[in-house]
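Shown next, in structure tokens, is the structure this report addresses.
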Amino acid sequence: MLALLLFEHLDAFRTARIESRDIVLGYPVTPSRPLAGKLHVEPLGDGLPLVRPVAGASQEFHIAMEYRRLQRAPDFVLWLALFDGPEGPWPPASYIVFPEMGRGAVAQSARP
């Protein structure tokens with residue numbers, strides 16, 4: 001896993017105008033379960049990796065993007081899983097959490 005995404009309540013975000021190039025997911029947010037995400041980077045191999053269900057999530061949505069024939073990197077897939085977190089309060093801000101090998105994790109708030 002490259003990063004864990006934690007989102008503050010969606011009411012905190014401005015409503016965006018939908019453009020013709022946008023993709024509307026229609027993800028059914030559960031008010032009592034904060035929205036979260038996981039970002040993975042994996043070698044591409046012979047094709048996309050199998051989708052691994054997120055433990056404890058009652059709903060989830062996966063997006064996989066292939067990257068092939070890059071100049072300085074092997075083929076890989078960038079995979080985003082959005083899911084409902086455990087029941088409880090939403091975070092006070094949105095965060096991207098980057099795990100550090102052997103030293104816990106580092107959190108970066110999305111707010112300045």
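Derivation of every value follows stated rules applied to the coordinates shown; laboratory data play no part. As the structure is a computational prediction, the values presented were derived from the model and not from experiment. Don't worry about glycine lacking a Cβ; one is built from the backbone with ideal geometry, like all the others, and counts go over all protein chains shown.
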- Task: Using packing as a proxy for protection, rank 64-77, 18-31, 87-100 so that the peptide with the highest average count of other Cβ atoms within 10 Å comes first.
- Result: 87-100, 64-77, 18-31
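Give me the percent relative contact order of the chain, please, defined on Cα pairs under 8 angstrom at least 6 residues apart. It would help to have the intermediate numbers written out before the result.
On the way: 199 pairs, mean separation 38.2, N = 112.
Relative contact order comes out at 34 percent.
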- Item | Dipole magnitude of the chain about its Cα centre (Cβ charges: Lys, Arg +1; Asp, Glu -1), debye to nearest 20 | 280 debye
- Query: Which values, in whole Å and largest first, are the semi-axes of the equivalent ellipsoid of the chain obtained as the square root of 5 times each eigenvalue of the Cα gyration tensor?
  - Reply: 25, 19, 15
